[in-house]
Every structure is written in structure tokens, then in C-alpha cells.
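The values are calculated or read from the model by the stated rules, or taken from the named source; none is laboratory data. Note that the structure is predicted; figures quoted are calculated from it, not measured. All Cβ positions, even for glycine, are placed from backbone atoms using ideal geometry, and neighbour counts span all protein chains on display. SASA here: full protein model, heavy atoms, side chains in, ligands and nucleic acids out. Shrake-Rupley method; radii C 1.70, N 1.55, O 1.52, S 1.80 Å.
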Amino acid sequence: MDIKKTKIETKCVQEGYESKNGEPRVAPIVQSTTYKYDKTQDLADIFDLKAQGFMYTRLGNPTLSVLEDKIAAMEGGVGALTTASGQSATLFSVINICKAGQNFIAMNNIYGGSHTLFSGILKDFGIDVRYATPEQSQEEILNLADENTRLIFGETIGNPTLDILDFEKFHSIAKKLDIPFVVDNTFATPFLCTPIEYGADIVVHSTTKYIDGHATSMGGLIVDSGNFNWENGKYPELAQPDPNYHGVVYTQSFGSSAFIVKARAGLLRDIGATMAPFNAFLTNLGCETLHLRMERHCENALAVAKHLAPHEKISWIRYPFLETDKSYELAKKYLKGGSGVVTFGVKGGLEGARTFIDNMQLATLVTHVGDLRTHALHPASTTHRQLSDEQQSESGILPDMVRFSVGIEHKDDIIADLDSALEKVQL
Ligand SMILES: *Cc1c(COP(=O)(O)O)cnc(C)c1O
């Protein structure tokens, strides 16, 4: 058989690590910041990026490599980079190719943390974000761009609105502008969707969510498709000599891996948002059962959504695989399943949503999503609290909204818990 042409389930279990004769079968945790070399020239060659090898864990570590190689293979990319969290992965995906005085387009229905990162920190650094809505036409979105626009950013499944990204439309916009299409694939995971297949150039993840899946480890990851041509005149940081790395030209030295090599050699080296080896070990352990968990998350979430849709205490519901959902067609086109999150409005507005959450028993109130235990959150008073009322409603965050992350317990128990908590809500 061809070991490189395995299906994604097999990649979840096997990719990223091979043990040679007598070596541990499980990828070990290399809890070392440093690596020993015999000769100064050996290390100099690594510093020069002429030879491959580990020099200092801030820039790379064998345990991190296992996870990087596994997710790169699952996403169909040429390389990946782990980061300390999803936030740093998102940050790196933008600042690797976008500088002060330049701008980028982002969907307005993205994760709250990405929203504040873009509108706050990046704006202070002189990078301007221009928000597009899923409803806007190609033409309207193209009009947001100018000669300084450097990328376009969206989420496969919006957190928490659950809008499905129209890959065809955004890929076409990116092509017309000759800029890369960056996709946050956290909610879908590579098991449900591989964005590179639909034209994404760069994929980012918060591995903290489903990829870990057990709520143990913060982490982020960037995957490079290797497909974008950085030599189109807009990306001198990749296609011209880098003065911070004694004149290396990433596109010349690293070809299709230019983006991800620069992210490591430049951003990770200088900013240092490195994933801990122990977190990579736990995340990889979680990832080994990602395919099984995602199937159950999808099955349970669909059952929950179907149960809630006609419920008298529910004012509205979103789940991409409900036939009545506005993203249903896109979901069927791009996803193998709707993932584990269901969002809905509880009658009685803010009060109703709070009463519901406060009366859950099996499901718990936690700031998280994608854990194998069922849990829920009230976005308006937590993850999206920092947005103004206007920004909240523009991003689809309503006061009555509950973000319900369906776990992998038995669906009957989850539904029983929902029903008893909803009983407490007064109409
Ligand atoms: C949680 C999340 C992030 C941020 O990831 P952290 O690991 O919490 O830093 C980014 N994007 C999406 C879609 C998320 O759900």
C-alpha cells in the first residue's frame, strides 16, 4: 500500500510519527529547550536555514513536529506551524504578510477574539481591517479592497453564528484580487472540511477546541497549502531578501513552503508564541480519535437541533444541517457534518437564556467549545461582551442567544437535560 495516500481516519491515528526499530511506538514528549551538536558549523547551518534541525524549542521541537506533520497531512498542505493558542495562529496568519499601512478583508461573523484582535491590536499597529458580511455580493466585497489589500479572512463555520463560508465566492474574490484566502477551520476540523480543496491558501486552527477535544490544552496551528504565488509583487517580505534573516529570499530558498518557513523563522523566533511540548502531546493524543468524536458530535448535535426546532421555549435555532437552516445548501456542499455546536434563542430574551443556562445539570457553563462534555455559554455576556451593542448585532450576537456545544454523551441524556432546563423558563 501507499502509506502517504491513506484516508483521513487513518491519518488521525497514524500520521506525523514513525518509530524505527526499538523506538517508542508513541511519539515521546521531548521536554527539552535545547539540542546538542558536535560542531559549530552544524549549528551555523541550521541558523542559516541551510540544514534542517532543531536548535531551540521556541522555533521548533520534535513533539510539536508530530502534530504539525499530522494536521498538514490531514488538511492537504505542504507544512504547518504550531502556536501557543488559536489567537497567535490567527495573528501570525495576518502579520506574516500584512504590514502597517496595508489592510485586509475579514468576514464580520468571525470569532469574537479574532474580531477584537483585528479591530483593536492590529488597528493600533496600523493594519486596517475591512469587514464584509456573508450577504454582500462579490462586487460589494471587491469594492472594499484597494492596492494595499493583502488577504481575505473567513471561518468555515462561523463561531457562534454558524454561517457556512461560501468558499466558491470568497475564493473567486481572492483570485480576482490576487491575494491569499485565509480560513479559520476550527469548528469544522479537517475531518469535516478541508478548505484547501475549496481554494483556501492558508488554514488556521484553534487546536484547543475539537482537535484536542478533551479541554486540556491551549494550542493553535497554521497550515500552508503551498498553492499561492507570492511572487506577484505584493509580498516583498516573502519574495525579496529578508534583512532580519541575512538576506534570505523565502520563495527562492523554500519554494511552495515560503509562507510557513517565514512564519517560523521570523514570527515564532521573534514573538515566541510557541506551543508547549506537553500540550502538543495531549493535542496529538486527542487528535487520534478526532474522526470518531466528530461523527458523534455531529450525530448528537443534529438530534438536539431537531428536538429543539419545534420546541415552544425556543424563539429561533441555527444548525447548518437542519434542512430549514439558511446555510443548509452550503453545508451540504462543503461539509461532511454540521459539527457539534447548536445556537438558539430562548424565549424571554436575556432573562430566558440565563434561566436556561443556570438550570442545566448534565451540561455545564464553561467558556469553551468543542469539548467531549456537553456545555453551553451566553456569548452576549461573555465571549462577545467587549463588542458594542451595535457590533454585537452586526456580528449576529443576540441577547437571547445560547451557544450550545453538544458533547459525545448519549443524546437522550443531553435532550432530557435540555428539556428540564427549558421547563424552568417562564413564558
Ligand atoms: C477559540 C477560537 C479561536 C481562538 O483560539 P484560542 O485557542 O482560544 O486562542 C479562534 N477561532 C475560533 C473559531 C475559535 O473558536
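For the range 47-55, the criterion of being part of a helix (DSSP H, G or I) and not charged (D, E, K, R) is satisfied by at least one residue.
Only residues that are surrounded by 12 or more Cβ atoms within 10 Å (Cβ to Cβ), of a type in the set (S, T, Y) and out of contact with any helix residue (DSSP H, G or I) (no Cβ under 8 Å at 6 or more places or on another chain): list them for the range 34-46, please. Hit for the range 34-46 is Y35, nothing else. It is to be established whether one or more residues within the range 47-54 are open to solvent by less than 60 Å² (accessible area, probe 1.4 Å) and more than 30 Å from G247 (Cα to Cα). Within the range 47-54, none of the residues are open to solvent by less than 60 Å² (accessible area, probe 1.4 Å) and more than 30 Å from G247 (Cα to Cα).
Inclusion of T283 among residues that are touching a helix residue (DSSP H, G or I) at 6+ places or on another chain (Cβ under 8 Å) and hydroxyl-bearing (S, T, Y) is warranted. Taking the criterion of being surrounded by fewer than 20 Cβ atoms within 10 Å (Cβ to Cβ), in a helix (DSSP H, G or I) and touching a residue at least 12 places away in the same chain (Cβ under 8 Å), the residues of the range 400-415 that qualify are K411, D413, I415. Is it true that some residue in the range 318-328 is at pLDDT 95 or above, in contact with a Cys (Cβ under 9 Å, 6 or more places away or on another chain), open to solvent by 10 Å² or more (accessible area, probe 1.4 Å) and not basic (K, R)? There is at least one residue in the range 318-328 that is at pLDDT 95 or above, in contact with a Cys (Cβ under 9 Å, 6 or more places away or on another chain), open to solvent by 10 Å² or more (accessible area, probe 1.4 Å) and not basic (K, R).
For the range 132-144, the set of residues classified as touching a residue at least 12 places away in the same chain (Cβ under 8 Å), surrounded by fewer than 20 Cβ atoms within 10 Å (Cβ to Cβ) and not β-branched (V, I, T) consists of Q138, L142, L144, listed by residue number. Being touching a residue at least 12 places away in the same chain (Cβ under 8 Å) and within 20 Å of G220 (Cα to Cα) is a property that holds for C287.
For the range 378-399, the set of residues classified as free of Cβ contacts under 8 Å to residues at least 60 places away in the same chain and aliphatic (A, V, I, L, M) consists of A380, L398, listed by residue number.
Taken over the range 112-127, the criterion of being crowded, with 17+ Cβ neighbours inside 10 Å and away from the ligand (no atom under 16 Å from the Cβ) is satisfied by I127 alone.
Condition check ((1) closer than 29 Å to S32 by Cβ; (2) open to solvent by 10 Å² or more (accessible area, probe 1.4 Å); (3) at pLDDT 95 or above; (4) β-branched (V, I, T)) across all residues:
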{"site": "S225", "(1), (2), (3), (4)": "no, no, yes, no"}
{"site": "E231", "(1), (2), (3), (4)": "no, yes, yes, no"}
{"site": "A239", "(1), (2), (3), (4)": "no, yes, yes, no"}
{"site": "G247", "(1), (2), (3), (4)": "no, yes, no, no"}
{"site": "Q252", "(1), (2), (3), (4)": "no, yes, yes, no"}
{"site": "S256", "(1), (2), (3), (4)": "no, yes, yes, no"}
{"site": "A263", "(1), (2), (3), (4)": "yes, no, yes, no"}
{"site": "L267", "(1), (2), (3), (4)": "yes, yes, yes, no"}
{"site": "I271", "(1), (2), (3), (4)": "yes, yes, yes, yes"}
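Has the range 240-257 got at least one residue that is free of Cβ contacts under 8 Å to residues at least 60 places away in the same chain and closer than 18 Å to S85 by Cβ? Checked against the condition, which is being free of Cβ contacts under 8 Å to residues at least 60 places away in the same chain and closer than 18 Å to S85 by Cβ, the range 240-257 yields no hits at all. Of the residues making up the range 134-185, those that are within 16 Å of the ligand (Cβ to nearest atom), in contact with a Gly (Cβ under 9 Å, 6 or more places away or on another chain) and among the acidic types (D, E) are D163, D184.
Scanning the range 117-170 for residues that are hydroxyl-bearing (S, T, Y) and more than 26 Å from G338 (Cα to Cα) returns S119, T149. Would the range 364-371 turn up any residue that is on the phi > 0 side of the Ramachandran plot and surrounded by 20 or more Cβ atoms within 10 Å (Cβ to Cβ)? Within the range 364-371, one or more residues are on the phi > 0 side of the Ramachandran plot and surrounded by 20 or more Cβ atoms within 10 Å (Cβ to Cβ). In the range 165-218, what residues are among the basic types (K, R) and touching a Leu at 6+ places or on another chain (Cβ under 9 Å)? Matches in the range 165-218: K176 only.
Going by what's in this entry, would N109 be described as crowded, with 21+ Cβ neighbours inside 10 Å, away from the ligand (no atom under 16 Å from the Cβ) and not hydroxyl-bearing (S, T, Y)? Considered against the rule, which asks whether it is crowded, with 21+ Cβ neighbours inside 10 Å, away from the ligand (no atom under 16 Å from the Cβ) and not hydroxyl-bearing (S, T, Y), N109 comes out as no.
Among the conditions (1) surrounded by fewer than 17 Cβ atoms within 10 Å (Cβ to Cβ); (2) in contact with a Lys or Arg (Cβ under 9 Å, 6 or more places away or on another chain), I97 misses just one, which is (1). Number of residues in the range 202-223 that are open to solvent by 10 Å² or more (accessible area, probe 1.4 Å), more than 9 Å from the ligand (Cβ to nearest atom) and small (G, A, S): the value is 1. Residue selection: L335 fails the criterion of being under 27 Å from P190 (Cα atoms), among the hydrophobic types (A, V, I, L, M, F, W, C) and without any contact (Cβ under 8 Å) to a residue 24 or more places away in the chain. Could you look through the range 150-193, keep only residues that are at pLDDT 95 or above and polar (S, T, N, Q), and pick out the one that is surrounded by the most Cβ atoms within 10 Å (Cβ to Cβ)? Among them, the one singled out is T189.
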